[in-house]
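Novice: Quick one: the structure is below, questions incoming.
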Amino acid sequence: MKKRIALLAVAFMACSIISYGWGFFGHKVVHQLAIYGLPKQIQGFFYQNQDYLVQHSVRPDERRSNDPAEAPRHFIDVDVYGEDAVYTMPQSWEAAAQKYPIDTLKKYGIVPWHVMVMKERLTNAFRQQNADSILFYAADLGHYIADAHVPLHTTLNYDGQLTNQHGLHSLWESKVPEMHAQTYRLQNKKAEYLPDTETAIWEVVRASHKLFPDVLALELEATKSFTPETKYVTVERNGRTRKYYSDDFAKKYAELLGPTVALRMQNSAEVVSNFWYTCWVDGGKPDMDKLMGGKISKDKKKALKEEKKSWQKNTLFQENRVLALKKKANS
Ligand SMILES: [Zn+2]
């Protein structure tokens, strides 16, 4: 039994290491919340496909292992271009590509521009009233938007590796939320139309980057209360010894971060909702009930109502309604 638990712990840590942006848990929670923020005209369709959107919220990360073009879509190391580059970088791909070689842009990440590509594709899918494409691009678009909310996705020092804080990436976006999400207030606002989606996604990148110095500084602050032995746990894997942040350290770090991680998660859900809704409007507001072949069933409608009640009361975790924690969504 003990051995089994140890194995599970190793598997869990391995998952955290290979996740790129919110970890699987965070992405699933963001998509579930984003659906609750949608207006009635499209909420039925998105709720009907809730399992798909939650499950496939992580598909872009899964794709990274067999598609070499995938990796740069999840981040932008914006500080590579200068200290204030997050404010001065050209927002449009065309303007950025005039200023910098395309190879350089691709090397250091393209998340805001890829969000714009996905936004166009989702808008077209609505325009063509193609339900499969709508779901496919909604899931992918949501993933990249959520990734842009993670401070460590906006810097060359993405894992704390340049400041001797290795492992910071999965600590911030996976371990901390997985340990503490049940205490978060996750009440994203209702979706709003975005008249300027390009600026909206750059605002997300700028806000993430602004948080980055604290992500590093608070790790150093937390370190003051630990010894190297209590700060890390050491795991032997495939003949190699690896160090991971300990649970106690993650707890202390989370305490110092305060509501930051919860707020980034909540903002992610808001912006995902806003983009989904905006694409529907720009795609000519197709009748989503018709696309589904009728309104959602009475049972589904009732279930949605109950979930939204928990969401409004912030009791989704207490009432065991978080899909990321249910077996099916985790498989
Ligand atoms: Zn990602």
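Novice: Sort 35-41, 261-267 for me by packing, meaning the mean count of neighbouring Cβ atoms within 10 Å per residue, highest on top.
Specialist: Numbers: 35-41: 19.0, 261-267: 21.4.
The densest-packed peptide leads the list: 261-267, 35-41.
Novice: Which pairs in the list 189/210; 189/231; 210/290 are over 32 Å apart, alpha-carbon to alpha-carbon?
Specialist: Numbers: 189/210 22 Å; 189/231 37 Å; 210/290 44 Å.
Where the Cα-Cα span goes over 32 Å, the pairs concerned are 189/231; 210/290.
Novice: How much mean residue ellipticity at 222 nm does the chain get from its helices, if each DSSP H run of length 4 or more adds -39500 (n - 2.57) and you divide by all residues, to the nearest 500 deg cm²/dmol?
Specialist: So the helix-based figure for the chain works out to -18000 deg cm²/dmol.
Novice: Could you tell me which residue out of 211, 324, 24 lies farthest along the dipole of the range 2-330 toward its positive end? Charges go on the beta carbon: Lys and Arg +1, Asp and Glu -1, centred on the Cα centre.
Specialist: My answer, from the dipole projection, is 324.
Novice: Looking at the chain as a GNM with Cα springs under 10 Å, which of 214, 147, 103 has the largest mean-square fluctuation?
Specialist: 103
Novice: Roughly how many nanometres apart are two label points built 7 Å out from the Cα toward the Cβ at residue 189 and residue 85?
Specialist: For residue 189 paired with residue 85, the spin-label model returns 3.1 nm.
Novice: Whole number in Å², please: accessible area per residue of the range 2-330, 1.4 Å probe, ligands, DNA and RNA not counted. Let's see the in-between values first.
Specialist: Details: 15900 Å² over 329 residues.
The answer is 48 Å² per residue.
Novice: By how many nm would the segment from residue 291 to residue 210 lengthen if fully extended, with 0.36 nm per residue of separation less the alpha-carbon distance? Numbers along the way, then the final one.
Specialist: Working: separation 81, 0.36 × 81 = 29.16 nm, distance 4.15 nm.
Here the answer is 25.0 nm.
Novice: Keeping all protein chains in place and using 1.4 angstrom, which order do 198, 83 fall into by accessible surface area, from largest down? Please report the intermediate quantities before stating the final value.
Specialist: On the way: 198 55, 83 170 Å².
Ranked list, largest accessible area first: 83, 198.
Novice: Assuming 0.36 nm per residue, please report the length gained on full extension of the stretch residue 196 to residue 40 beyond their Cα-Cα distance.
Specialist: Working: separation 156, 0.36 × 156 = 56.16 nm, distance 2.27 nm.
Going from the current span to full extension adds 53.9 nm.
Novice: In what sequence, highest mean first, do 117-123, 220-226, 242-248 appear when ranked by Cβ atoms within 10 angstrom? Write out the running numbers ahead of the final one.
Specialist: Values: 117-123: 20.7, 220-226: 13.7, 242-248: 17.0.
Listed from highest to lowest mean packing, they are 117-123, 242-248, 220-226.
Novice: To continue, here is another question. Determine the order of 46, 75 by accessible area, beginning with the largest, at a probe radius of 1.4 Å. It would help to have the intermediate numbers written out before the result.
Specialist: Numbers: 46 0, 75 45 Å².
The ordering from most to least exposed comes out as 75, 46.
Novice: So if I average 1/r over every pair of distinct C-alpha atoms in the range 2-330 and take the inverse, what Kirkwood radius in Å does that give?
Specialist: On the way: mean 1/r = 0.0487 Å⁻¹.
After inverting the pairwise mean of 1/r, the radius is 20.5 Å.
Novice: Additional query: Need the full-extension length gain, residue 69 to residue 299, defined as separation in residues times 0.36 nm minus the C-alpha distance. One decimal, nm. It would help to have the intermediate numbers written out before the result.
Specialist: Numbers: separation 230, 0.36 × 230 = 82.80 nm, distance 4.20 nm.
Answer, rounded to one decimal: 78.6 nm.
Novice: Right, next: Using the basic label-point model (7 angstrom from Cα toward the beta carbon), what is the residue 256 to residue 223 distance in nanometres?
Specialist: For residue 256 paired with residue 223, the spin-label model returns 0.9 nm.
Novice: Would you mind telling me which residue in 181, 95, 131 has the biggest mean-square fluctuation in a Gaussian network model of the chain, where springs connect alpha carbons within a distance under 10 angstrom?
Specialist: Its mean-square fluctuation being the largest, the pick is 95.
Novice: With angles folded into 0 to 90 degrees, how steeply does helix 131-148 sit against the dominant principal axis of the chain? Use alpha carbons for both and round to 10.
Specialist: 30
Novice: Here is a follow-up. Out of every Cα pair in the range 243-331, what percent are spaced more than 19 Å from each other?
Specialist: Numbers: 2614 of 3916 pairs.
In whole percent, the share of Cα-Cα pairs in the range 243-331 beyond 19 Å is 67.
Novice: Quick one: if you take sqrt(5λ) for each eigenvalue of the C-alpha gyration tensor of the range 40-154, what semi-axes come out, biggest first, whole angstrom?
Specialist: Details: eigenvalues 163, 46, 34 Å².
Equivalent ellipsoid of the range 40-154: 29, 15, 13 Å, largest first.
Novice: Treat each spin label as a single point 7 Å out from the Cα along the C-beta direction, and report the residue 100 to residue 237 distance in nm.
Specialist: 3.0
Novice: Between 217, 125, 148, find the one with the highest GNM mean-square fluctuation for the chain; connect C-alpha pairs within less than 10 Å.
Specialist: Top of the fluctuation ranking is 217.
Novice: In cubic angstrom, how much convex hull volume per residue do the alpha carbon atoms of the range 181-265 span?
Specialist: Values: hull volume 12.5 nm³, N = 85.
Cα-based convex hull of the range 181-265, divided per residue, equals 147 Å³.
Novice: Further question: Tell me, what are the semi-axes, in whole angstrom and largest first, of the equivalent ellipsoid of the range 81-209 as set by the roots of 5 times the Cα gyration tensor eigenvalues? Write down the numbers at each step before the final one.
Specialist: Working: eigenvalues 134, 106, 36 Å².
After scaling each eigenvalue by five and taking roots: 26, 23, 13 Å.
Novice: Can you work out the FRET efficiency for the pair residue 162 and residue 306, with r the C-beta to C-beta distance and R0 = 45 Å, to the nearest 0.05?
Specialist: 0.45
Novice: Heavy atoms only, probe 1.4 Å: what % of the accessible area of the range 183-327 goes to carbon and sulfur, would you let me know? The partial results should precede the final answer.
Specialist: Details: 4130 of 8220 Å².
Solvent-exposed carbon and sulfur of the range 183-327 make up 50 percent of the total.
Novice: If you scale each eigenvalue of the Cα gyration tensor by 5 and take the root, what three semi-axes come out for the range 138-224, rounded to whole angstrom and sorted largest first? Write down the numbers at each step before the final one.
Specialist: Numbers: eigenvalues 133, 55, 27 Å².
Square roots of five times the eigenvalues give 26, 17, 12 Å.
The values are calculated or read from the model by the stated rules, or taken from the named source; none is laboratory data. In this text, all values refer to a predicted model and were calculated from it rather than measured experimentally. Backbone-built Cβ (ideal geometry, glycine too); neighbour counts: all protein chains shown. The protein model used for the area step is the full one, side chains on, heavy atoms only, and it has no ligands, DNA or RNA in it. Shrake-Rupley method; radii C 1.70, N 1.55, O 1.52, S 1.80 Å.
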